[in-house]
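Below is one structure, written out as structure tokens; the observations come after it.
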Amino acid sequence: MKVFVSNVDGPLGHNVSRLLATTVVGSRREEEPEEEETDENEDRPKEEKPKEIYTVVGTMTRRNGTAPEETDDSLAHQLVPIVETGDKKRDAVQKEAIEKFAIAGQKPKWVTETVPRGDRTLLKETLLSCDVIIYDIISCLDEASWAIEMLAEEADNFAEKPKVFIGVTSVMTWARTKVDAEDPDAFLAEDDYRRRKPHPNFKSHILVEKNIVKHGKKSALKTYVIAAGLVYHPGDSIFHFLFKSAWHNQDLVCYGDGDNVIPTISLDDLSNIIVETVETTPASKYMLAIDDSKNTLYEITKAVSDTLGTGKVKKLPKEAALLNKDLPQSDYDMLLVNLRLDPGHIKEMSFEWKYESGLVENLTQFIQEYKYARGLTPLRIVVHGPPASGKTFYANKIAQHYEIHIINVEKVVEEAIARLERRASGRLTPDEADDDIDADKELFEELKEAARANNGRYPEEHVVNFVREKLRSMPCRNQGYILDGYPTSLDEARELFKAADDDDAKEESKIPKIDELIGPDKVISLDASDDVIKDRIMNLPESAVAGTKNSEDALTRRLEEFRASNTDENTVLNFFDELEIHPIIISVEANDADAVMSIVTKTIGRPHNYGPSPEQIAEKKRLAEEAKAREIAAAEEERLKREKEEAERQSKAVAEWNLKLEEVRKQEQEVLEAQSVPLRNYLMKYVMPTLTSGLIEVCKVRPEDPIDYLAEFLFKHNPGNA
């Protein structure tokens, strides 16, 4: 059986097509009772009919089938690896979550072929060849309207094999439906769909819905309208901005008073409803696809903040939502809707619900799926190594690269003591409870007394508790952490990471149970000899060493303590080895900083967080363009400089050439003049007197042929003939 699904690269089309591609045709229908076989057929083996799987074709979200510009989600998701943990159930959930994440512009592998959006002729041929047509009216309004009209015109040709048309729309076409004025808590039933009134921005959608129901009166064309509640899923769903803000440890915002009831449905359950409709072709032509929850906007926001974020929610006026770039107008309309609806036919369907009780009741499970689908698993790293080997330096670089939280034990203890001191003095923040102030006062006094008696050092037991509390904080649980040089001993490691029910973890013969919330994923051990470390510190300026732990005596003592507590038999690395977390040992002697970071990033892999946001992408693009412009300007400036220098050089060379040429000419003139003196003397003595006399005579006589006359005169008066 062939099925057409619109926008197979969108969340709805992706998941509906995926479910159909794995569904055996007729597998969800009630089995018909088998006829009793006659005696003569009893010995004949039963022939099993081959199982037929739905063949899926469809369109893409883009007209030309190309992917949109890379966003923080689509780019990051294409790099999400399936990391096998050994827990088959968990690995299966992770694989399924990643597989169900739709990427715009990418055709799912289970879709046979796609049709170009702009080619209505080819699209018509495809629709007429399909047995079932499923359209997302919200994203394909005009095309869905055209498709149902076209199929209605061709309905007479479907008499032998009726077609099924399913239009998936939104409960926003119910947004202005009036309820009983005397009972503000009254609910609208599915059977009231004939009097539904849409939100002003969904008037076109209700017209398409009505046309679909109207054309379904023909026996050759079975039509269904499925009005879905606000659909949530791990992708860019209506509530994505809440999950993203909470994961980034931001306080969430509720627009308006938050008392409006929002009908919701998970994408998995909506997909099952659609497939169930394809399989069973129910009598009801209009169905509400909503779960059993009746949660308000504030309840959903608060639950997300408590489970994933800071636990804080602030209310803002509705108009403030228009300033949120992550909240489109359509989402704004949906979030502020107030609808109390009761589903009808879907409650009779036999599929297994995933989130029937709603988002709030199943938030923990959904958040896990959300993290798996987007690769948002926390990255937890421990950096180990001798004093002054560069632990803090590399911890900061790794934390910056992977955008995780760096945990420095001294700072953690300082913050914890400061918090206890503040609470002991009665300075509570608005969100802090005052029921444990007495305990905090007692603990603060105990720690002060212990520090005075132990040269300013606090009991190790409390230090471990402070660090564990920090690791269990929501930021570390969301993004992850990198522990800078801690734990330093087996006892510290066992106490810090042990599970709450593993009180016997100190027994040498027993492998400790680790707390999965805070247990590390990677351990990086920096390796360097004492001599190299001392030489490195000695080469530092005295100002950088004075008053620190790296003075000569202090460093020597720290190195001795480290080597004593990290022998081959007694090292904190053995604790991680027991847990199958094998340390990454990197020599900081043989590798420079870039080489060390290259080893770290290659071993750990990609970051486990969101990719760059659109703003960050735009800023990166802007900086790249500015850098390119600076390079072009610098190159142009360099070119002009070279041209100017070349022009000056040529001008100088020409001037020098002209000067030399003038000197040569002067010298030649002097030589010519010097050579011409004897010749002039000769001419003046032997030629010029006779020639001058001849010329004077010619002028006097003015003969007809002066040249001949002059020649005769010179011949006659030649001094040599005398």
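The values are calculated or read from the model by the stated rules, or taken from the named source; none is laboratory data. Quick caveat, the model's predicted, so the values are computed rather than measured. Reconstructed Cβ throughout: ideal geometry from the backbone, glycine too, with neighbour counts over all protein chains shown.
Side notes on the structure shown:
Here is a yes/no grid of residues against (1) part of a loop (DSSP other than H, G, I, E, B); (2) among the basic types (Lys, Arg); (3) in contact with a Ser or Thr (Cβ under 9 Å, 6 or more places away or on another chain):
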{"residue": "Gly105", "(1), (2), (3)": "yes, no, yes"}
{"residue": "Val111", "(1), (2), (3)": "yes, no, yes"}
{"residue": "Leu127", "(1), (2), (3)": "no, no, no"}
{"residue": "Ile133", "(1), (2), (3)": "no, no, yes"}
{"residue": "Ser139", "(1), (2), (3)": "yes, no, yes"}
{"residue": "Glu143", "(1), (2), (3)": "no, no, yes"}
{"residue": "Ala147", "(1), (2), (3)": "no, no, yes"}
{"residue": "Glu160", "(1), (2), (3)": "yes, no, no"}
{"residue": "Val164", "(1), (2), (3)": "no, no, yes"}
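- Just one residue in the set Lys700, Lys685 is basic (Lys, Arg) and modelled with pLDDT of 85 or more; that residue is Lys700.
- Qualifying positions in region 594-612 - modelled with pLDDT of 90 or more, more than 13 Å from Ala399 (Cα to Cα) and not acidic (Asp, Glu): Ala595, Val596, Ser598, Ile599, Lys602, Thr603
- Residue in region 508-528 that is among the hydroxyl-bearing types (Ser, Thr, Tyr), over 42 Å from the mean Cα position of the chain (by Cα) and at pLDDT 80 or above present: no
- The residues of region 114-141 that are of a type in the set (Asp, Glu) and farther than 12 Å from Ser6 by Cα, listed by number, are Asp119, Glu125, Asp131.
- Every pair of residues 6+ apart whose Cβ atoms lie under 6 Å, when the first sits in region 1-13 and is hydrophobic (A, V, I, L, M, F, W, C) while the second is surrounded by fewer than 24 Cβ atoms within 10 Å (Cβ to Cβ) and not in a strand (DSSP E or B): Met1/Val25; Met1/Tyr54; Met1/Asp131; Val3/Tyr54; Phe4/Leu127; Phe4/Cys130; Val8/Pro108; Val8/Val111
Residue-wise test of (1) out of contact with any Lys or Arg (no Cβ under 7 Å at 6 or more places or on another chain); (2) outside the structural domain of Tyr486 (by TED's automatic domain parsing); (3) loosely packed, with under 13 Cβ neighbours inside 10 Å.
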site: Pro541; (1), (2), (3): yes, no, yes
site: Glu560; (1), (2), (3): yes, no, yes
site: Thr567; (1), (2), (3): yes, no, yes
site: Thr571; (1), (2), (3): yes, no, no
site: Leu579; (1), (2), (3): yes, no, no
site: Ala593; (1), (2), (3): yes, no, yes
site: Met597; (1), (2), (3): no, no, no
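- Residue match in region 475-484 (condition: surrounded by 12 or more Cβ atoms within 10 Å (Cβ to Cβ), in contact with a Cys (Cβ under 8 Å, 6 or more places away or on another chain) and modelled with pLDDT of 90 or more): no
- Comparison of Ile274, Ile265, Ile300 shows that the only residue that is surrounded by 23 or more Cβ atoms within 10 Å (Cβ to Cβ), touching a helix residue (DSSP H, G or I) at 6+ places or on another chain (Cβ under 6 Å) and modelled with pLDDT of 95 or more is Ile274.
- Only one entry in Gly605, Gly611 is touching a residue at least 40 places away in the same chain (Cβ under 8 Å) and closer than 22 Å to Lys391 by Cα, namely Gly605.
- Those residues of region 434-484 which are at positive phi and out of contact with any Lys or Arg (no Cβ under 7 Å at 6 or more places or on another chain), in sequence order: Asn455, Gly456
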